[in-house]
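First comes the structure, then the notes that go with it.
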Amino acid sequence: MKATQNTARTTATPPEGFTDEERAAMKERAKEVKAATRGASRAAKAAEDEAAVLARIAEMQDSDRVMAERLHAVLKAAAPELAPKLWYGMPAYALDGKVVCFFQSAEKFKSRYATFGFSDRVNLDEGTMWPASYALKELTAADEARIGELVGKAVG
């Protein structure tokens, strides 16, 4: 009986590792952390971070790029205290260095929709269950208004 059990263990297929996209995201995050430790002034670092976010947005496919540009504008208007930065290669917005929300393009992990999400650091609690991220196929004016409200609540 032991031989059967050992055979089953050795012939079992090992679980898949990280996907190429996940490995790329981790490498991007390592670069971001390394860049954050450079000794630039706070204002220079903020300008550099925003430029990196805008460059990443410009690289996106058309539909994701349009949504990311609109989200960037909405977030800057709704919560100017948020600082744009890259987070795992995605546009993100932080308060005191901690990510509050992020945009993940559909192409990032070959998904059928883009995602706008919040980190667990924010308090958007509504009872015992609430959404922490939203699937986006397009961004309407009503969606932008709702996101502005949620971001205001998240940083407020």
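The values are calculated or read from the model by the stated rules, or taken from the named source; none is laboratory data. Bear in mind that the values here come from a model prediction, so they are computed numbers and not experimental data. Please note: Cβ atoms are built from the backbone with ideal geometry, for glycine as well, and neighbour counts cover all protein chains shown.
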Q) Of all residues in region 115-156, which are of a type in the set (D, E, K, R) and farther than 13 Å from residue 71 by Cβ? A) 120, 121, 125, 126, 137, 149, 153
Q.
Looking at region 104-125 only, could you name the residues that are within 11 Å of the chain's Cα centre (by Cα) and touching a residue at least 40 places away in the same chain (Cβ under 8 Å)?
A. 105, 108, 114, 116
(Q) I'd like to check something: does region 137-147 contain any residue that is among the hydroxyl-bearing types (Ser, Thr, Tyr), more than 30 Å from residue 30 (Cβ to Cβ) and more than 12 Å from the chain's Cα centre (by Cα)? (A) yes
Q. In region 76-94, is there at least one residue being exposed (fewer than 10 other Cβ atoms within 10 Å of the Cβ), modelled with pLDDT of 90 or more and farther than 30 Å from residue 110 by Cβ?
A. yes
Q. Taking region 47-70 only, how many residues are small (Gly, Ala, Ser), farther than 19 Å from residue 111 by Cβ and modelled with pLDDT of 95 or more?
A. 4
Q.
Restricting to region 126-149, and then to whatever is without any contact (Cβ under 8 Å) to a residue 40 or more places away in the chain, in contact with a Leu (Cβ under 8 Å, 6 or more places away or on another chain) and of a type in the set (A, V, I, L, M, F, W, C), can you tell me which residue is surrounded by the fewest Cβ atoms within 10 Å (Cβ to Cβ)?
A. 130
**Q.** Qualifying position, being at pLDDT 90 or above, aliphatic (A, V, I, L, M) and either assigned to a helix (DSSP H, G or I) or touching a helix residue (DSSP H, G or I) at 6+ places or on another chain (Cβ under 8 Å) (or both), among 44, 8, 3, 73
**A.** 73
Q: Scan 129, 67 and give me the residue that is in a loop (DSSP other than H, G, I, E, B) and of a type in the set (A, V, I, L, M, F, W, C).
A: 129
Q.
Which condition from (1) out of contact with any helix residue (DSSP H, G or I) (no Cβ under 8 Å at 6 or more places or on another chain); (2) of a type in the set (Val, Ile, Thr); (3) in a helix (DSSP H, G or I) is the one that residue 57 breaks?
A. (1)
Q | Among the residues listed as 46, 52, 35, the single one being hydrophobic (A, V, I, L, M, F, W, C) and exposed (fewer than 15 other Cβ atoms within 10 Å of the Cβ) | A | 46
